[in-house]
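The values are calculated or read from the model by the stated rules, or taken from the named source; none is laboratory data. Only a predicted model underlies this, so the values are computations on that prediction, with no experimental measurement involved. Glycine also receives a Cβ, built like all others from the backbone with ideal geometry; neighbour counts cover every protein chain displayed. Just so you know, the surface numbers come from the protein's heavy atoms only, side chains and all, with ligands and any DNA or RNA stripped out. Shrake-Rupley method; radii C 1.70, N 1.55, O 1.52, S 1.80 Å.
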Amino acid sequence: QLQLVEFGGGLVQPGGSLRLSCLSSRFFLGRFAIGWFRQAPGKEREGVSCISSSGADTDYADSVKGRFTISRDNAKNTVYLQMNSLEPEDTAVYYCAAGNYGLGPNEYDYWGQGTQVTVSS
């Protein structure tokens, strides 16, 4: 059921930045709310950020507020997650998903394969 693709993960030092992108060649993402989720080894998948289909509404986990920014360009069929001031605790596989608006995974039906983000000195 891999309908979305993430790009932009990698290895960065603490305090560094990355921008993740979420794309789909099958769906027009402007019809969906998009969520970013992450999962670290041994931990449950958690919601990081989400954005409504129009981009008018956004939400963030408390742990990333002030550091991460979600945005979308529906003309490019792309959703972004700008991650600044990265911390080792941000290390995880990051997934994007399309569905209904919220930070819980149950409302999202379409998922990407994930991209690894590693924050280490």
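Side notes on the structure shown:
- Proportion of all alpha-carbon pairs of the chain beyond 21 Å (%): 29 percent
- Of P88, S49, Q3, farthest towards positive along the dipole that unit charges on Lys, Arg, Asp, Glu beta carbons give the chain: Q3
- In a reduced charge model with +1 at each Lys and Arg Cβ and -1 at each Asp and Glu Cβ, the chain shows a dipole moment near 340 debye about its Cα centre.
- The chain - percent of accessible surface contributed by carbon and sulfur, probe 1.4 Å: 45 percent
- Just checking the listed ones, G15, G30, G99: in the Gaussian network model of the chain with Cα springs under 10 Å, the one fluctuating most is G15.
- Nearest-20 debye value, segment 44-86 charge dipole, Cβ charges on Lys, Arg, Asp, Glu: 180 debye
- Selected from A61, G30, S120, residue furthest toward positive end of dipole (the chain; charges at beta carbon): G30
- Probe 1.4 Å, accessible area per residue of segment 1-67, Å²: 56 Å²
- Rounded accessible area of L23 (nearest 10 Å², 1.4 Å probe): 60 Å²
- The GNM of the chain, with springs linking C-alpha atoms under 10 angstrom apart, assigns the highest mean-square fluctuation among R72, R38, R26 to R26.
- Most mobile listed residue (F68, F27, F37) in the chain, GNM with C-alpha springs under 10 Å: F27
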